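Okay, so here's the structure we're looking at.
The values are calculated or read from the model by the stated rules, or taken from the named source; none is laboratory data. It should be emphasised that the depicted structure is a prediction, and the values quoted were computed from it without experimental measurement. Methodologically, a virtual Cβ is constructed for each residue, glycine included, from the backbone with ideal geometry; neighbour enumeration extends over all protein chains shown. All accessible areas refer to the heavy atoms of the entire protein, side chains included, with ligands and DNA or RNA removed. Shrake-Rupley method; radii C 1.70, N 1.55, O 1.52, S 1.80 Å.
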Amino acid sequence: MSSTPHTTAAADKVLPAVREIAAEMVALRHQIHAHPELAYEEFVTSDLVASRLAEWGYAVHRGLAGTGVVATLRRGSGTKRLGLRADMDALPIQETTGLPYASQVAGKMHACGHDGHTAILLAAARAIARQPDFDGTLHLIFQPAEEGLGGARRMIEEGLFERFPCDAVFALHNMPGSPVGRFGFKEGPFLASSDSVMVTVTGRGGHGSTPHLTADPVVAAAHIIVALQTIVSRNVDPRDVAVVSVGAIHGGDAPNVIPGSVTMRLTVRAHRPEIRAMLRERITELVQAQARTLGVSAEVDYHWRYPALVNDEAATRFARQVALDWLGEDGVLPPLQPLTGSEDFAFMLEHCPGSYLIVGNGEGDHHATGGCSVHNPGYDFNDAMLPIAASYWVQLVRRFLAPSA
Ligand code: ZN
């Protein structure tokens, strides 16, 4: 075989049923991109997704987690059930790409490519509906509020997997910095848990010239921040992953006034539940002990947010094999390392085996090349990846729900 560049190889393998609709699906992606909606407000996007899927013959259910959409297609007498999930929400970011289809809404932007994920799953849905050569039940899950507000958790709490049981569930995310249309897989722990902590240090304010008459929360906060850095370096096994970052600190308004209180906000991440629990314990203890030593009090408000994302071994091997059999080694990224980002899909994987995979969005550092990082005002989803990823979903459906011989 000739050594065609992998991007061309993958693009060449786009399924005819996807190729026919690719231009239309890219236009749909641009339409979603131009009208971004934030968590739980995906009303127009949800209407668009639901109406298209109904047109194409899916049984559409709406209302889980408010704007969530689940579309079902059954074929044959097979009993296997497969779930594919896409996210629909945008971010509170002012877009700076200058693209013709840039956000028309001030301060809101699809800066994580969820417009692309939604369009990919719609393209796959349409190709599958035109040529439904599978046996069993396919559930397409379009979730709201992936960005921090737990749309997946809410869909599950409202009965997602009771109403739409799945034997396995899969999701994908674009990855800037990786070659366009190359697929990445990771068995076991892949993304970190993500918890947020608010610490309020309360002392007794007063004049900056008479510190002995105050209980200074600023000095105490400084000690606490330094002490927090010892948790990862001294309490966590060096072979484990953990992050404790203080991202915000607020207190005081004037150089000569000692304020009454200081607040701090932290993000805390880990890959293993034991480490996650230990971090909570140590952060709470250490903040309280430091505050006591310095004559102030401290309140620790701990929010468990997203659990670590752990991919099922067998489901991940299956997902990788689908890519390998279709694209060969060139279509698959080298083995991935665990990342410290987090993902709402982790909740789905707590309830159903499955796998979360990545697809290269392009290299370079500019939006035109797809390399600009997500959550950046210059980010753009790479349309070259859309038909490749949609073809991958179609292949995965055909393989998972293959008619038994
Ligand atoms: Zn995202």
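The set of residues in the range 368-385 that are outside any loop (DSSP other than H, G, I, E, B) and either within 16 Å of the ligand (Cβ to nearest atom) or modelled with pLDDT of 90 or more (or both) comprises ASP383, ALA384, MET385.
Scanning the range 104-134 for residues that are open to solvent by 30 Å² or more (accessible area, probe 1.4 Å) and within 16 Å of the ligand (Cβ to nearest atom) yields a count of 1. Tell me, yes or no, whether the range 82-90 has at least one residue that is buried (at least 23 other Cβ atoms within 10 Å of the Cβ), farther than 12 Å from PRO36 by Cα and among the acidic types (Asp, Glu). Taking every residue of the range 82-90 in turn, at least one turns out to be buried (at least 23 other Cβ atoms within 10 Å of the Cβ), farther than 12 Å from PRO36 by Cα and among the acidic types (Asp, Glu). In the range 86-103, what residues are within 15 Å of the ligand (Cβ to nearest atom) and either within 13 Å of the chain's Cα centre (by Cα) or hydrophobic (A, V, I, L, M, F, W, C) (or both)? Residues satisfying the conditions are ALA86, ASP87, MET88, ASP89, ALA90, LEU91, ILE93.
For the range 135-152, the tally of residues that are of a type in the set (A, V, I, L, M), crowded, with 24+ Cβ neighbours inside 10 Å and modelled with pLDDT under 95 stands at 1. Which members of the range 148-193 meet the condition of being more than 24 Å from ARG272 (Cβ to Cβ) and within 16 Å of the ligand (Cβ to nearest atom)? If the condition is that a residue be more than 24 Å from ARG272 (Cβ to Cβ) and within 16 Å of the ligand (Cβ to nearest atom), then LEU149, GLY151, LEU172, ASN174, PRO176, GLY177, SER178 are the ones that fit.
Answer yes or no: is there a residue in the range 343-350 that is small (Gly, Ala, Ser), within 16 Å of the ligand (Cβ to nearest atom) and either on the phi > 0 side of the Ramachandran plot or open to solvent by less than 10 Å² (accessible area, probe 1.4 Å) (or both). For the range 343-350, residues small (Gly, Ala, Ser), within 16 Å of the ligand (Cβ to nearest atom) and either on the phi > 0 side of the Ramachandran plot or open to solvent by less than 10 Å² (accessible area, probe 1.4 Å) (or both): present.
The set of residues in the range 239-264 that are part of a strand (DSSP E or B) and either on the phi > 0 side of the Ramachandran plot or within 21 Å of the chain's Cα centre (by Cα) (or both) comprises ALA242, VAL243, VAL244, SER245, GLY247. Residues of the range 318-331 include at least one that is open to solvent by 20 Å² or more (accessible area, probe 1.4 Å), in contact with a His (Cβ under 6 Å, 6 or more places away or on another chain), not in a loop (DSSP other than H, G, I, E, B) and not small (Gly, Ala, Ser). Of the residues in the range 271-283, not one is assigned to a strand (DSSP E or B), open to solvent by 40 Å² or more (accessible area, probe 1.4 Å) and among the small types (Gly, Ala, Ser). Considering the range 371-397, the residues that are surrounded by 24 or more Cβ atoms within 10 Å (Cβ to Cβ) and among the small types (Gly, Ala, Ser) include one that is farthest from the chain's Cα centre (by Cα), namely SER391. Going residue by residue through the range 226-233, is there one that turns out to be of a type in the set (Gly, Ala, Ser) and either touching a residue at least 12 places away in the same chain (Cβ under 8 Å) or assigned by TED's automatic domain parsing to the domain that holds ALA319 (or both)? Within the range 226-233, one or more residues are of a type in the set (Gly, Ala, Ser) and either touching a residue at least 12 places away in the same chain (Cβ under 8 Å) or assigned by TED's automatic domain parsing to the domain that holds ALA319 (or both).
Tell me, please, whether a residue that is over 19 Å from PRO307 (Cβ atoms) and under 16 Å from the mean Cα position of the chain (by Cα) can be found in the range 161-173.
Step one: list which residues in the range 161-173 are over 19 Å from PRO307 (Cβ atoms), which gives 162-165, 167, 172.
Pick out the ones that are also under 16 Å from the mean Cα position of the chain (by Cα) and you get 172.
Within the range 161-173, one or more residues are over 19 Å from PRO307 (Cβ atoms) and under 16 Å from the mean Cα position of the chain (by Cα).
Just one of the numbered conditions (1) in contact with an Asp or Glu (Cβ under 8 Å, 6 or more places away or on another chain); (2) within 13 Å of the ligand (Cβ to nearest atom) is not true of VAL197: (2).
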